[in-house]
């Protein structure tokens, strides 16, 4: 299967950190799903392209809402992220670290055919 060229961007101002996050693509009840386990966000559609576009909207909404409410840092930490003031201010958890904590991810990995890809995401640095 050819890997999709996936990228997403949320930006408010100029302070952001660009990360490459894992994305799982799989089918569920006849729909294509694009899922980012380290953020527990997904998008769906009739095709892989529609699912990825839907995921981009979900990412935009997520970063916009959590930044506006000033809850982004707390939410990332809740998902197992390490937040520092060092050169790498955001470190996403490894998929293997969250596999047993996330029932949905566990089900996908153990019961469904899926493919992994990477998605370029800009996270607000001032979070």
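Only the coordinates and a few stated rules stand behind these numbers; no lab work does. Quick caveat, the model's predicted, so the values are computed rather than measured. As a convention, Cβ positions derive from the backbone with ideal geometry for all residues, glycine included, and neighbour counts pool all protein chains shown.
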Distance between modelled label sites at residue 61 and residue 20, nm, 7 Å Cα→Cβ extension: 2.9 nm
Extension gain (nm, one decimal) between residue 104 and residue 78, 0.36 nm per residue minus Cα-Cα: 7.7 nm
Longest to shortest principal axis, alpha-carbon extents of the chain, angstrom: 40, 29, 26
For 106, 79, order by how many other beta-carbon atoms lie within 10 Å, fewest first: 106, 79
Residue order, fewest to most beta carbons within 10 Å, for 17, 121, 109: 17, 109, 121
Antiparallel content of DSSP bridges confined to the chain, in %, to 5: 90 percent
Förster-model FRET efficiency, 22 Å R0, residue 50 and residue 112, C-beta, rounded to 0.05: 0.75
62, 35, 114, 104 arranged by Cβ crowding within 10 Å, fewest neighbours leading: 104, 114, 62, 35
